[in-house]
Every structure is written in C-alpha cells, then in structure tokens.
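Peer 1: Sharing a structure, written as structure tokens. Questions coming.
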Amino acid sequence: MLPIGNCVRELRAESGDMTQGELGERVGVTRQTIAAIEQRRYSPSLETAFRIANVFNKSLIEVFWFDET
C-alpha cells in the first residue's frame, strides 16, 4: 500500500453514488485508475489529484494526505 491516503470512495458515495467510471470520465482517467487510487495501489499525478478534488469542490488536502504509518 502506498503512503498517499485518500477519501475518494467516501466522496463518491456522498455525491449520489457516483461510479468510478463517472469520476474517471470527469477527470480524464480510466475507471481502473480510480479503483487503484482508492485502493492505494496507485498515486495519482498532481494534476489528476487536483482534478479529483475539484470534482468534489474540496481542497487537495481534504481528499489526499500523506500517511506515514
């Protein structure tokens, strides 16, 4: 697991059960990329991280954080 934590799955649920595919389309990545980000198997590029945060009207640090544990 990578040290970049996130709450993307929770934000999708809060946004009316947005699918991984829908989020991927909105930020320009595949559904598989969103799944990997949520499972902490892939760290998004800075641009993609900002795009995801923008979809949910959140700041970057509200969506992603560095988890040293």
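Peer 1: Could you give the nm distance between label points at Ala13 and Asn57, where each point is 7 Å from its Cα heading toward the beta carbon?
Peer 2: 2.1
Peer 1: Pick the calculated Rg/Rh (Cα atoms, Kirkwood Rh) for this structure from [x] 1.50; [y] 1.35; [z] 0.92?
Peer 2: [z]
Peer 1: Given the options Glu22, Glu47, Glu38, which has the most mean-square fluctuation in a GNM of the chain, springs set between C-alpha atoms less than 10 angstrom apart?
Peer 2: Checking each option, the largest mean-square fluctuation is seen for Glu47.
Peer 1: Right, next: Probe of 1.4 angstrom, ligands and nucleic acids ignored: what's the accessible area per residue over the chain, in square angstrom?
Peer 2: Per-residue accessible area for the chain comes out at 64 Å².
Peer 1: About its Cα centre, what dipole magnitude does the chain give when the only charges are +1 on Lys and Arg Cβ and -1 on Asp and Glu Cβ, stated in debye to the nearest 20?
Peer 2: Charge dipole of the chain: 160 debye, to the nearest 20.
Peer 1: Running a GNM on the chain with Cα contacts under 10 Å, which residue among Ala53, Ala35, Ala13 ends up with the highest mean-square fluctuation?
Peer 2: Ala13
The values are calculated or read from the model by the stated rules, or taken from the named source; none is laboratory data. Bear in mind that the values here come from a model prediction, so they are computed numbers and not experimental data. Here the Cβ is made from the backbone with ideal geometry for all residues, glycine too, and neighbour counts use every protein chain on show. Surface areas here come from the heavy atoms of the whole protein model, side chains and all, with no ligands, DNA or RNA. Shrake-Rupley method; radii C 1.70, N 1.55, O 1.52, S 1.80 Å.
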